[in-house]
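Encoded as structure tokens, the structure appears first; notes follow it.
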Amino acid sequence: MEDFSSHSGQLTGMTLAEQLKITERDIEQRKELIGFYKDDEKALVECKSHIQENLEQIVDEFYNYQRSVREIQVLIGDAETFRRLHGSMKRYVSELFEGYYDSTYVNRRLRIGKVHNSIGVSPKLYISSLSRLEAILYRYVTDACEGDLTKAFRRSAAMRKLLMLDIQLVFDTYINSMMSEVLVAKDELENYAGTLEQTVAERTRQLEEMSRSDGLTKLQNQRSFYERLRHEIAVAERNETSLSLVYFDLNKFKDLNDKKGHREGDALLARVGHAMLETARTSDICCRYGGDEFAVIMPGTDWTASEKFCDRLQACFDKGETHGVTFSMGVSETGPDKFSSMDELVTQGDEAMYRAKAASRIDGSHQMRHYLKPKSKK
């Protein structure tokens, strides 16, 4: 019993992809085997806005058919379950056209397979439902092409490839639940491959870190900001924890550049970066969004803690020569019960920051605003 409990504890601390030993290398190989390349990702992203505009109609059309099938009616059961399924399907369809098909995407598809298997959805029902969804999406994808047959073929082909990848992942969980013992035979070889992969991954990580950092401030750059924010939202959602985003820019920074020159301006930007790293926790992700705009991703943090961080950051920055520059800071928050999308969270932080900037124009002081709290706080 002790060995079983220890093994169970290890599994609960792993993602589904890790349990199934699906690595980043394996994900890329799966894409290559079905011919899903960067051009296909781009083709799907081109459909994103049209799909989002018609998302409610797409999902309604899908479930109008689903509820006509007796076996599926029994599985859906009550109205509350249907409401949750409707929301989950909207999210599923949206993710098909977001352009991110990485380990986070894979884990969500594996979760779908696990849930479907646990509630008794047979392979025939899953395949038939996915086929129906593909037919519905095909119409909307081709409609977005406005008669361009070449574009329609390219986009619909990309969608079909991605749905084939989804089927692979879902059936991996079906098969694993019935044949998990088969994986034991692969352990020795995979342990060796894992060691080699770790070595390669470390070299790759070092190169990627260089491409994701801002040389002047030593912070993460905009590309890294979006990647890390998307990842941290997924982690917060999985763990049902809060996540805060502090988004700010510098007041009177342009005046400093005009009067003292860009060298002094760069020096001040570097001091801002130093103050952020000095003030933040090790779990926080400090980023230079661009120009004189900065952001801090704060996992496991609610608005009270994020406001205290803003106070500490302002105090740390004020210890040095500021040249009259101050911060306009906006704070947005998501979780632990309801979660915003990445774009929504950034937009909310940006709106709060502009409210702070409006207040700062009055006396030039540091200002902070929370998206859900209209009152001011210096």
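A few remarks follow.
- Centroid-to-centroid separation of the stretch 89-155 and the stretch 275-289 [C-alpha atoms, Å]: 37
- The mean sequence separation of alpha-carbon pairs under 8 Å and at least six residues apart, normalised by the residue count of the chain, gives a relative contact order of 14 percent.
- Shape parameters for the stretch 252-337, alpha-carbon atoms, Rg then Dmax in Å: 13.8, 48
- Rh by Kirkwood over Cα pairs, then Stokes-Einstein D for the chain at 1.567 mPa s and 4 °C, µm²/s: 55
- Computed lengthening from Asp363 to Glu264, 0.36 nm per intervening residue step minus Cα-Cα distance: 33.3 nm
- Radius of gyration and maximum dimension Dmax of the stretch 11-119, Cα, Å: 16.1, 42
- Close amide H contacts of Gly330 (hydrogens built in the peptide plane, cut-off under 5 Å, sequence separation of 5 or more or a different chain): Tyr247, Phe248, Met353, Arg369.
- Within the chain, longest stretch free of exposed GluC sites (Glu not before Pro) [DSSP loop, at most 14 other beta carbons within 10 Å]: 1-145
- Counted by neighbouring Cβ atoms within 10 Å, the residues Ile297, Ile127, Ile112, Ile285 run from fewest to most as Ile127, Ile112, Ile285, Ile297.
- Global size of the stretch 222-377: 15.0, 49 Å for Rg and Dmax (C-alpha atoms, Rg to one decimal, Dmax whole).
- For the stretch 2-183, the C-alpha radius of gyration divided by 2.2 N^0.38 Å, with N the number of residues, is 1.10.
- Exposure proxy order (Cβ contacts within 10 Å, fewest to most) of Lys254, Lys38: Lys38, Lys254
- Sorted fewest first by neighbouring Cβ atoms within 10 angstrom, Phe339, Phe97 come out as Phe339, Phe97.
- Of the DSSP H helices in the chain, those whose Cα atoms cover at least 18 Å axially and whose Kyte score averages -1.0 or more: 79-96, 103-118, 123-143, 149-179, 262-279, 303-318, 342-363
Values in this text are rule-based calculations from the coordinates and carry no lab data. Note that the coordinates shown come from a computational prediction; the quantities given were computed from them, not determined experimentally. Every residue, glycine among them, receives a Cβ derived from its backbone with ideal geometry; neighbour counts consider all protein chains shown.
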